[in-house]
Amino acid sequence: MLYVSTRGKTDLVSAAHAITRGLANDGGLFVPQNIPQLRMADIKAMGNKPYTERAIDVLLQFLTDFSEDELRECVTAAYSADKFGENPVPLVQVNDNTGVLELWHGPTSAFKDMALQLLPHLLTRSMKKTGEVNKVVILVATSGDTGKAALEGFADVEGTQIIVFYPCEGVSDIQKRQMITQQGKNVKVFGIEGNFDDAQRGVKEIFGNTDLSSELCKKGFSFSSANSINWGRLVPQIVYYFSAYVDAVKAGKIQAGDSINFVVPTGNFGDILAGYYAKLMGLPVERLLCASNSNNVLTDFINTGTYDKRREFFKTISPSMDILVSSNLERLLYNVTDCDAVEVADYMKRLNTEGFYQVDSDVLKRIQREFFGAWVDELETKEAIGRIYSDYKYLMDTHTAVAWRALEKYRFLTSDDTYTVVLSTASPYKFSDSVLEALDDSQNVSKDPFANLQELNAKTGVEIPPRMLALEDLPVLHEEIIPANEMELAVVKNLL
């Protein structure tokens, strides 16, 4: 299996090279040259396997320069019981035709752990395969969850250094606390004055600065990424779509071969794109529901074919989705344009220079056959949290609530009652202030995030993740806040 750039100006590379480099030299994203296929018999067989073996079945299709034994070592270490419990991704049945796939049972209580506990193992092996001798510097822009999950995964990993940038006013109190208390000799965290898009743009500009890369390479450093622009970050996410499907079969909710829907709270488009790749591989998926918050650029794109970032940016109670430039959409565009790298490069150029682009009607029809887009405002989000807890005693965070409410809109508009899996991307305790407000309008929410953890626990009895409780006593190690236009300078100072 070889990999190409979505912009078509780089040579074919191995999976190990794609993982080590993160971003292609032409600014594009690495994608597999072809999509491997799994038969229904292969998918059904996953039902009798633990999650680690399900992961190996999928990863072997894409990471063909890794042996099965190598991958087994990687996934066994990544998804160990002490990190994730006995079942890393439980499918919880909330009502007759809706299940919730809980992706937040890892060390940082967010779905990013599913990829970022595995990526360091894939990266260190990839470095050996490609003969990488430089220290690999992982640059991360985060809207809240990726930063901590990447820090947790890469802390003290030999041969790497990790630098995380987060919007200082754009993450929850718990998310911020998780990052600024991170320990490790090779980690650095910066808050930036700006939003996630500013952070993401800054990281891409650093990647695109060939003079800087050359200078640092001479001094023993090479850049890579732990954002979902890195194929090694995206490919592990394909696994849990297959896992959810076979667990739905085991639970008697569907028969093997039946099609199901998935609804995904979406910001950078990586999580839902993994579901699209799963469908292309043969998983019976009817529709992928793309759920957005008030930053509804993806909803508008799916419904109109116009991607326009020239709009007001909203800070919401689902901050991990507060994004106006969804990087992974580039990979979808590459596929639905029949791998037309010239056309994709033109879309990305127009987005960068003019702030928008428009796909033609045929491309839009292909997207709409696979995806449904809906957005949910703040009031609807809180209402959904309160109502689902009242009706089913199921507690969800703000991002999961956006997905649930988007599903309700879809069912109302289409009358489609197909069994659907809602992807739950974070523990409700990461956003305990908003969840408390949703459960009780009169609740006087504390400004102390740890008091809110205890209050939410007292109200619901849902266990607080132990690592989150421990944050209160950890020292703050990363306090620096910088302007967004000084990110490159911060990287250079930190390395040299």
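The values are calculated or read from the model by the stated rules, or taken from the named source; none is laboratory data. Predicted model, so just to flag it, every value in this text is computed and none were measured. Note that each Cβ is placed from the backbone with ideal geometry, even for glycine, and that neighbours are counted across all protein chains shown. Only protein heavy atoms, including side chains, enter the accessible area calculation; ligands, DNA and RNA are left aside. Shrake-Rupley method; radii C 1.70, N 1.55, O 1.52, S 1.80 Å.
Structure values in brief
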{"item": "Inter-part distance where region 443-483 and region 1-15 are each reduced to a Cα centre, Å", "result": "43 Å"}
{"item": "Percent RCO, i.e. relative contact order, over the chain, from Cα pairs under 8 Å lying at least 6 residues apart", "result": "19 percent"}
{"item": "Loop-located GluC sites (Glu not before Pro) in region 71-111, at most 10 other Cβ atoms within 10 Å (DSSP)", "result": "GLU86"}
{"item": "Proportion of all alpha-carbon pairs of the chain beyond 44 Å (%)", "result": "7 percent"}
{"item": "Relative compactness, region 67-118, computed as alpha-carbon Rg over 2.2 N^0.38 Å", "result": "1.30"}
{"item": "In sequence order, calculated HN-Hα J values of region 380-396 (Karplus, 6.51, -1.76, 1.60; Hz; x Gly/Pro)", "result": "5, 4, 5, 4, 5, 4, x, 5, 5, 5, 5, 7, 10, 6, 10, 9, 10"}
{"item": "Simple spin-label estimate for GLU86 and VAL476 in nanometres, 7 Å along Cα-Cβ", "result": "4.1 nm"}
{"item": "Beta bridge orientation in region 89-242: antiparallel %, DSSP, nearest 5", "result": "20 percent"}
{"item": "Debye log10 I(q)/I(0) for region 367-470, one point scatterer per Cα, at q = 0.20, 0.21, 0.22, 0.23 Å⁻¹", "result": "-1.01, -1.08, -1.16, -1.24"}
{"item": "Sparse-neighbour loop sites [trypsin sites (Lys or Arg not before Pro); region 159-213; at most 16 other C-beta within 10 Å; DSSP]", "result": "LYS185"}
{"item": "q = 0.30 Å⁻¹: log10 I(q)/I(0) that the Debye formula gives for region 143-192, counting C-alpha atoms only", "result": "-1.17"}
{"item": "Within the chain, helix-based [θ] at 222 nm, where runs of 4 or more DSSP H residues each add -39,500 (n - 2.57), nearest 500", "result": "-14000 deg cm²/dmol"}
{"item": "Within the chain, percent of DSSP bridges classed antiparallel, to nearest 5", "result": "25 percent"}
{"item": "Under 10 Å, Cβ to Cβ, from ILE323 - net charge with Lys/Arg +1 and Asp/Glu -1", "result": "-1"}
{"item": "C-alpha center-to-center spacing [region 129-174, region 20-50] in angstrom", "result": "23 Å"}
{"item": "Relative contact order (%) - region 118-184, alpha-carbon pairs under 8 angstrom, separation at least six", "result": "35 percent"}
{"item": "Share of carbon and sulfur in the accessible heavy-atom surface of region 1-117 [1.4 Å probe, %]", "result": "46 percent"}
{"item": "Loop GluC sites (Glu not before Pro), region 306-344, which have at most 16 other Cβ atoms in a 10 Å radius of their Cβ (DSSP)", "result": "GLU312"}
{"item": "Whole-Hz couplings from phi, Karplus 6.51/-1.76/1.60, listed for region 402-413; x for Gly and Pro", "result": "4, 5, 4, 5, 5, 4, 4, 5, 4, 5, 5, 6"}
{"item": "Accessible area expressed per residue, region 117-209, with surrounding protein chains retained (probe 1.4 Å, Å²)", "result": "31 Å²"}
{"item": "Using θ = phi - 60° and Karplus 6.51 cos²θ - 1.76 cosθ + 1.60, couplings along region 433-438 (whole Hz; Gly, Pro as x)", "result": "5, 5, 5, 4, 4, 5"}
{"item": "Shape of region 222-356, Cα gyration tensor, a/c cut at 1.5", "result": "prolate"}
{"item": "Magnitude of the charge dipole, the chain, Cβ model with Lys/Arg +1 and Asp/Glu -1, debye to 20", "result": "880 debye"}
{"item": "Unsatisfied cross-links (Cα-Cα over 20 Å) in the set LYS44/LYS250; LYS204/LYS430; LYS315/LYS447", "result": "LYS204/LYS430"}
{"item": "Sequence-distant residues sharing a close amide H with THR98 (under 5 Å, placed H)", "result": "THR420"}
{"item": "Relative contact order (%) - criterion: Cα under 8 Å, at least six apart; region: region 1-62", "result": "31 percent"}
{"item": "Under-5 Å amide H pairs with VAL189, H placed in peptide plane, nonlocal only", "result": "VAL164"}
{"item": "Residues of region 370-468: accessible area per residue with a 1.4 Å probe, Å²", "result": "41 Å²"}
{"item": "DSSP beta bridges in region 68-173 [antiparallel fraction, %, rounded to 5]", "result": "40 percent"}
